[in-house]
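The values are calculated or read from the model by the stated rules, or taken from the named source; none is laboratory data. Model, not experiment: these values are computed from the prediction. Here Cβ is always computed from backbone atoms with ideal geometry, including for glycine, and neighbour counts include all displayed protein chains. Heads up: the accessible areas ignore ligands, DNA and RNA and are worked out on the full protein's heavy atoms, side chains in. Shrake-Rupley method; radii C 1.70, N 1.55, O 1.52, S 1.80 Å.
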Amino acid sequence: MKHCTFSFTTALGAAALLVLAHMPQARADSAEDLVAKGRYVAEASDCSACHTIKGGRPFAGRMEFKLPIGSIYSSNISPDPAHGIGAYSEAEFARAVREGVRRDGASLYPAMPFPSYARMSDSDIHALYVYFMKGVQPVAQAAPANGIPWPMSMRWPMMFWRAVFAPSVASAQKDVNRTFPTPAIARGAYLVEGPGHCGACHSPRGIALQEKALSASTGTVFLSGGAPIDGFVPTSLRQDQRSGLAAWSEDDIVAFLSTGRNQKGEAFGGMTDAVYHGTQHLSPEDLRAMAQYLRSLQPNSPNAPAWHYDSAAAAALQHGDASARGAKVYVDHCAACHRTDGHGYAPAFPPLAGNPVVMSDQPDSLVHIVQSGATLPGMSKAPSAFVMPSYSQMLSAQQIADVVTFIRGAWGNNASPVDAATVTSLQKSAPPRVLEEKPVPLN
Amino acid sequence: MTTKKTDAIVIGAGWAGSILAKELTEAGLSVTILERGEDRATAVEGDYPTSIDELRGAIRHRLFQNLSQSTVTIRNTIDQTAVPYRRLAAFLPGEGVGGAGLHWSGVHFRVAPDDLALRTNVVARYGKSFIPEGMNLQDYDVTYEELEPFFDKAEKVFGTSGEPYTIKGKVAGTGNPFAPDRSDAFPLPAMRDVYSASLFKKAAANVGYHPYSLPAANASAQYTNPYGVQMGPCNFCGYCSGYDCYMYSKASPNVNILPALRQDPKFTLITKAHVLKVDLDSDGKKATGVTYLDLRTNQQVQLQADLVIISAFQFHNVHLMLLSGIGEPYDPVKNTGTIGRNFVYQTITTSRAWLPSKQYTNLFVGAGGAGVAIDDFNSMNFDHGPLGFVGGSPVWVNQAGVKPIAAAIGGPGGKAPTWGEGYKDAMVETYRHSLTIDAHGSNMAYRDIYLDLDPTYKNAYGQPLLRMTFTWKDNDIRMNQYVVSKIEPIMKEMGATRYALGQLHANDVFDTRRYQTTHLGGGAVMGADPKTSAINRYLQSWDVSNVFVIGASAFPQGMGYNPTGMVAALAYWAAYHIRTTYLKNPGPMVQA
C-alpha cells in the first residue's frame, strides 16, 4: 500500500488552453541531453515512488492505494500506446501532469500531486515528456481496474475539486516567480513546492483533503506537518522547535535527502521511498538549495519552547535505576543501539533524544516503529541498509505503551504519555513487520 | 548442462572472495561469485534478540558448514585410516554469504614481519641445523613493506579499532612495541579494556612484559568505511564468534563490502552454487571456467571465464585444486608435489586464574576481537637459541563473552567437583570471578602433515572427501609449554587466589572433539620455488596462470597471530597486482 492523498470532485479549469499556448516549440538541447534532463526531473518529481512497484517494470504502475472507499491503482505511465501514455501528445501530457486531466478528459485522482506539479516549468515538462517517450521502455501491461464501487467511482465530480482546490497553471507559475532572497532559495522553493511535492505529505489538509497551502507564499501552514500516511505522521519541515527542523543544519538536511540518514535521524515509512526513488539522485547544488529554502521557513508554532537535553533519565539508568515507567523495557530492548543517554549512534542508529518524530503530539510513528520495526534501505551514497527489529511479537501493548512513554518523556523530550489502549488501536494501522516486507535488505 | 560466461569467477563469498570481487569489478570486469550456501543478511541472522540465541547459534552451528553434504576425513598419522569429521568441534568452517567472516570474532592482526621470512631468519640467527628433521620451514616470498599498504587498506575497510605503536617510524601511541611500523593510525581507537584485560595489562607490565590492547575489527565507535558503508559501535554483548553481529559493529563481508558491491551492475552473486571443479583446457595450462552444481535445481552449470579466483575456506581451496587437477598433488613419501603440502594449524591452550570474591570479571561481558596481549614470546621476538624450538605465541586475555551454555559445557575448571553443590558453587565462582589467558601460537609445517584426497569416503556429490593427516609435533608442544610457563608470573602478579595452567603435553595427539582455533592454514602455499609452493608471490597458481588461490591456504606456517588480517592483506595485494599487471598482460607473473 502506498500513501494516498485524494478526494472527489473538481471542475475543469479553462486554464488548460492557456498552457497549451505556452508550450515550447523548438529547443537547442540534443535528444540525449533532454532524456537525461527528463530523467532528472522524473527523479526530482519522485514519479517512480508511485508508478514503479518493488520488483516491477519501471513506470508500469499497479501500485495499490487503499482508500476507505476501495482501492485505486497507479497507472502505467510507460510509453506503451495501448496501456501507457504512448499516445499522449506533449500538450496532453502537460495537461495530465499539471492539471490532473487524462487524455480522454477524465479527471485524475489527486493522489497524483498535480496541484504541486502545476508549478513545473515548461522546460521541465518538455524534458519529462521526451524522457518518458524516448528514455523509458514501453510496458504492455494494463493497470488493475480500480476497486471503487459506483457511485464513488465516477470521476466527473472531481472536476469540481480541481476547480476549487487545484491552482491554474498560470497562477501556480506566477507564484513560482515571486521574489526570493537568493537564487538558491528560489530554486529550492521550486523543487520543494513543485516537482518534489513535499507538501503532499508534510502539509495539513482541509475538509476535502486538499492541501491547506501549496506554497510558502501564503503564511506558515505549508509544510507544517501532515496527517498520518501508512500509519506514520509526517513532521513539520518548517523551523518549528520540537516538531520541525529547527535543530537541523543545512548539512543535516542535505545529508538526509541524499542518503536517508544524518546525525539527527533516519528516514522511515514513505520517506524512505522519497529518498530512494527521488532525492538521492539530485545534485548537491539542488539539495543545498532545498535545504536553504526549508531553513528559510518561519515556524508555524513560534511559541513552542526549544528542546534542551535533560540528563536525569540517563543518569538514573547508568546508576542502575530502571524504576521509571518503561525504563526496564527500554534497557532490555532499545538501549544497545539508542543508548541509555538517548543519543544513539547516528547515522547508524538514530538519536531518540530531541527527535521530532519522538516528541510529536501524535505518538503513531514511534509506536509503529516499535511494533513493526523499520528498514532504511541502502542508497547509492550510503550503501548500508539498517533494520530495526519488530517488537510486536515480543512486547505486549502495555509494554510498548510503557517504553514509548519512557522514550517520549526522557532526555528532555517531555512529550505526553501513551496508554495501552492507544497502542492497541494503532495496531490496526500498523505497517507490515520488517521481515515480512520483501525484499529484506541484504547486509 | 547450461553454459554461461563472465569475465571473472570468484569461488566463495567470504572475506577473500568479497575483496577480490570488489577489486575486480572496480577494474571493470564482470564478476560472478559462486557461493555454496545461502545468502545471509543482518536483518535476518542478526534479528535481535533471536540472533543471540546461543542454542541455535554457536551450539547448533547456525552459520557453520553443513557436514552432512561434505566434510573432511581426519587421521593423526600416515599409517592410520582417516574417518569423516561428522561433528563440528575443533575447527568451524563457515557456509553461506560472508563465510567464516560472518561468524568470526574479529581479532584483526597484521603480521609479525619476521614470520614472512621465517626460514631465512631462523637460519640466519640459529643456523640451518636448528631446523628439526622433517620440518618444512619456508618463506612467503613477500615482505612486510610490500604488504603494508594492503594491511592499511584492509583495516580501513574493516573499521579496525586499535592503538598504534609507531607510524612512519615515530612512536605514536602505546600499542604493541613489537608491531611493525605503520603508514597510518588505525581507523578507530582501540576497544576499551574489560576489567580482566585491564588487570592483565597492569600485571604483565609489572612483570616486565609489553602489554597492548588487541587490534579488533569490532568497531569502537560509529564508522563509515572507504566504500561508504556504515557500522554501529560494539556494545560488548559478547555475541561475536558464531553469530551475525546485530549491532553491525563486527566487520564482515556482509556489512563492510557487499552492500557496495551489490550496487555494481557488473557484479553477480549466485548462492546455493557448489563448485565441483575448475575446468581446464586440453593441456591443463589454462582454466576455462568452472562447473558448479545448482543446489536448488540439482543441475550442473558450466560458467566460463577468463579468470578464476579460488577463495573459499582454507581446506576447500586445497580440495578444489586437487579435484580440478591444478598443480601436482603432494606425496609425503616421495616428497614431491605441492598441493596439500605444508598443511598447518595453530596451537592454543587456555589457562585460568581465579580472583578474590570481591573482584568481578563478569565473563558474560566481552567482545570477540578485544582484549590485551603480549608479544614478548611471539615470532622471533625472543631468543630461541637455548630453547631449541621454532615459533612462538602471543599471550592474551581475550574475554569474548562466555555464553551460558558454553560456560556450563566448559564447567568450572580446575579441580572442582563435577556434580552437586560443590560443582554449582565452583561454577558461580568461575563465571563471576575468573579469567582466562590464552597462549595462541604457531604451528610449523612437517613433511608427514598434509592434505590429500581420501581413498574411501565421498561427499554427497560423489566426489572424494579431502583427507587431513595431522597431529602435534614435539617442536610445537615444547614451544607451547615454554610460553605457558611465562604466564605463571602474570597470574601471581594479578593476585590470583589459584590458577590452572593449560598446556600441550609430550606425545599429545590432535583431538578433533574439542574446539581449539578454527585457524587452519597452508596446503596451497605461496613461495618463490614451484617445487615447494603451489602459488607464487602474487598468489597465482604456478601451473594454471589464470587461477589465483586466496586465503590462509597460502600460509607456509601457522603463525601466532589470528589469520584474517593477513588473509585480507594478501587478498588486496593479489588484487592490486592482478589489476596493475596481470590484466594488462595475462600470463605467469613470475617465471618458474
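Report the full-extension gain for the segment B:Q69 to B:S282: residue separation times 0.36 nm, less the Cα-Cα distance, to one decimal in nm.
Numbers: separation 213, 0.36 × 213 = 76.68 nm, distance 3.04 nm.
Working it through step by step, the gained length comes to 73.6 nm.
If every alpha-carbon in segment B:439-563 counts as one equal scatterer, what log10 I(q)/I(0) does Debye give at q = 0.22 1/Å?
For segment B:439-563, the Cα-only Debye profile gives -1.35.
For A:N177 and A:L435, what is the calculated FRET efficiency with R₀ set at 45 Å and r taken between the beta-carbons, to the nearest 0.05? Write out the running numbers ahead of the final one.
Details: r = 49 Å, r/R0 = 1.09.
That pair, A:N177 with A:L435, gives E of 0.40.
Taking the Cβ-Cβ separation of A:M394 and A:I207 as r and a Förster radius of 51 Å, what is the calculated FRET efficiency to the nearest 0.05?
Numbers: r = 41 Å, r/R0 = 0.80.
The computed FRET efficiency comes out at 0.80.
What does the convex hull of the Cα atoms come to per residue for segment B:376-468, in Å³?
Numbers: hull volume 20.7 nm³, N = 93.
Per-residue hull volume (Cα only) is 223 Å³.
Mind running the shape call on segment B:167-260? Use the C-alpha gyration tensor, a ≥ b ≥ c as the square roots of the eigenvalues: rounded below 1.5 for a/c, prolate if a/b tops b/c, oblate otherwise. Each step should come with its number before you reach the end.
Working: a/c = 2.90, a/b = 1.44, b/c = 2.02.
Oblate.
Classify segment B:88-128: rounded, prolate or oblate, from the alpha-carbon gyration tensor (a ≥ b ≥ c, eigenvalue square roots; a/c under 1.5 rounded; otherwise prolate if a/b is larger than b/c)? Present the calculation step by step, with values, prior to reporting the outcome.
Values: a/c = 4.16, a/b = 2.67, b/c = 1.55.
In terms of gyration-tensor shape, prolate.
Working with all protein chains in place, sort A:D122, B:D375, B:D543 by solvent-accessible area computed with a 1.4 Å probe, largest first. The partial results should precede the final answer.
Numbers: A:D122 40, B:D375 0, B:D543 65 Å².
Heavy-atom accessible area, descending, gives B:D543, A:D122, B:D375.
What number do you get for segment B:128-201 when its Cα radius of gyration is normalised by 2.2 N^0.38 Å, N = residues? The partial results should precede the final answer.
Numbers: Rg = 16.5 Å, N = 74, 2.2 N^0.38 = 11.3 Å.
Scaled against compact globular proteins, the figure is 1.47.
For a quick check: with amide H placed at 1.01 Å from N, whose amide H comes under 5 Å from B:G289's, ignoring anything fewer than 5 positions away on the same chain?
Distant-sequence amide H within range of B:G289: B:D279, B:A305.
Ignoring ligands, DNA and RNA and using a 1.4 Å probe, state the total buried accessible area between B and A in Å², rounded to the nearest 100. Before the final figure, lay out the partial values.
On the way: alone 22100 and 19420 Å², together 39480 Å².
Buried area between the two chains comes out at roughly 2000 Å².
At 0.36 nm per residue, and after removing the present C-alpha to C-alpha distance, how many nm does the segment from A:A315 to A:S71 gain when stretched out fully?
Working: separation 244, 0.36 × 244 = 87.84 nm, distance 5.01 nm.
Extending this stretch completely gives an extra 82.8 nm.
Under the √(5λ) rule applied to the eigenvalues of the Cα gyration tensor, what semi-axes describe the equivalent ellipsoid of segment A:314-371? Give them in Å, descending. Walk me through the numbers before you get to the answer.
Details: eigenvalues 72, 39, 22 Å².
Taking √(5λ) for each eigenvalue gives 19, 14, 11 Å, largest first.
Just the accessible area per residue of the protein assembly as shown, please: how many Å² with a 1.4 Å probe?
On the way: 39480 Å² over 1035 residues.
That works out to 38 Å² for each residue.
If the label point is 7 Å along Cα→Cβ of B:V428, which residues in segment B:360-377 have backbone nitrogen under 19 Å from it?
In segment B:360-377, the label zone of B:V428 (backbone N under 19 Å from the point 7 Å along Cα→Cβ) covers B:360-365.
Kindly tabulate the residues in segment A:384-401 with an accessible-area decrease of at least 10 Å² between the chain alone and the assembly of all protein chains, using a probe of 1.4 Å.
A:S384, A:F386, A:V387, A:P389, A:Y391, A:M394
To the nearest 500 deg cm²/dmol, what mean residue ellipticity at 222 nm is calculated for chain B from DSSP H runs of n ≥ 4 alone, each contributing -39,500 (n - 2.57), summed and divided by the residues?
On the way: 15 runs with 133 residues, N = 592.
Dividing the helical sum by the residues of chain B leaves -6500 deg cm²/dmol.
Once the Cβ-Cβ distance between A:D251 and A:D361 is put in as r, and R0 is 25 Å, what FRET efficiency do you end up with, to the nearest 0.05?
Values: r = 28 Å, r/R0 = 1.12.
Given R0 = 25 Å and the Cβ-Cβ separation, E is 0.35.
Using the C-alpha atoms of chain A, what convex hull volume per residue, in cubic angstrom, is computed?
Values: hull volume 62.4 nm³, N = 443.
About 141 Å³ per residue, rounded to a whole number.
Consider just the alpha-carbon atoms of segment B:224-321 and return their Rg together with their Dmax, both in angstrom.
In order Rg, Dmax, the Cα atoms of segment B:224-321 give 17.6, 55 Å.
Roughly how many percent of the accessible protein surface of the protein assembly as shown is carbon and sulfur, given a 1.4 Å probe and a whole-percent answer? All intermediate terms of the calculation are to be shown ahead of the outcome.
Numbers: 21330 of 39480 Å².
Here it works out to 54 percent.
With Kirkwood's inverse mean 1/r over C-alpha pairs for Rh, give me the Rg to Rh ratio of segment A:312-436, two decimals please.
Numbers: Rg = 14.1 Å, Rh = 14.7 Å.
On the Cα set of segment A:312-436, Rg over Rh gives 0.96.
Over all directions, average the projected area of the Cα convex hull of segment A:228-384 and note it in nm².
Working: hull surface 37.7 nm².
In nm², the orientation-averaged hull projection of segment A:228-384 is 9.4.
Once you put a point 7 Å from the Cα of A:T424 and another 7 Å from the Cα of B:D511, both along the Cβ direction, what distance in nm separates them?
5.8
Per the Debye formula with a single identical scatterer at each Cα and no solvent contribution, what log10 I(q)/I(0) holds for the protein assembly as shown at q = 0.09, 0.10 Å⁻¹?
Each listed q corresponds, in turn, to -1.05, -1.20.
Separation between the B:E145 and A:W150 pseudo-spin-labels, each 7 Å from Cα along Cα→Cβ, expressed in nm?
For the pair B:E145/A:W150, the computed spacing is 8.9 nm.
Return P(r) of segment B:363-421 (all Cα-Cα pairs; 5 Å bins starting at 0; whole %; ordered from short to long distances).
4, 14, 15, 13, 13, 13, 13, 9, 4, 1
Give the share of C-alpha pairs in each 10 angstrom bin for chain B, from 0 to the last occupied bin, in whole percents, shortest bins first.
P(r) for chain B, in whole percents per bin: 3, 18, 30, 29, 16, 4, 1, 0.
How long, wide and thick is segment A:31-104, going by the Cα atoms along their three principal axes, in whole angstroms, largest first?
Cα extents, longest axis first: 42, 29, 22 Å.
Shape call for segment A:76-222 from the C-alpha gyration tensor, a ≥ b ≥ c root eigenvalues: rounded (a/c under 1.5), prolate (a/b greater than b/c) or oblate? Spell out each step's value before the answer.
Details: a/c = 2.22, a/b = 1.29, b/c = 1.73.
Oblate, because a/c is 1.5 or more while a/b does not exceed b/c.
Any idea how far the Cα center of segment A:160-223 sits from the one of segment B:256-327, in Å?
About 56 Å separates the Cα centre of segment A:160-223 from the one of segment B:256-327.
Give the relative contact order (percent, whole number) for chain B; include only Cα pairs under 8 Å separated by 6+ residues. Numbers along the way, then the final one.
On the way: 1547 pairs, mean separation 131.9, N = 592.
Value for chain B: 22 percent.
Counting only the heavy atoms of the protein chains, how much of B:W573 is accessible to a 1.4 Å probe, in Å² to the nearest 10?
That residue has around 10 Å² of solvent-accessible surface.
With each pseudo-label sitting 7 Å past Cα toward Cβ, what's the A:S217-A:K134 distance in nm, one decimal?
Roughly 3.3 nm, to one decimal.
Could you state the principal axis extents of the C-alpha atoms in segment B:8-94, from the largest down, to the nearest angstrom?
The Cα atoms of segment B:8-94 stretch 50, 40, 17 Å along their principal axes.
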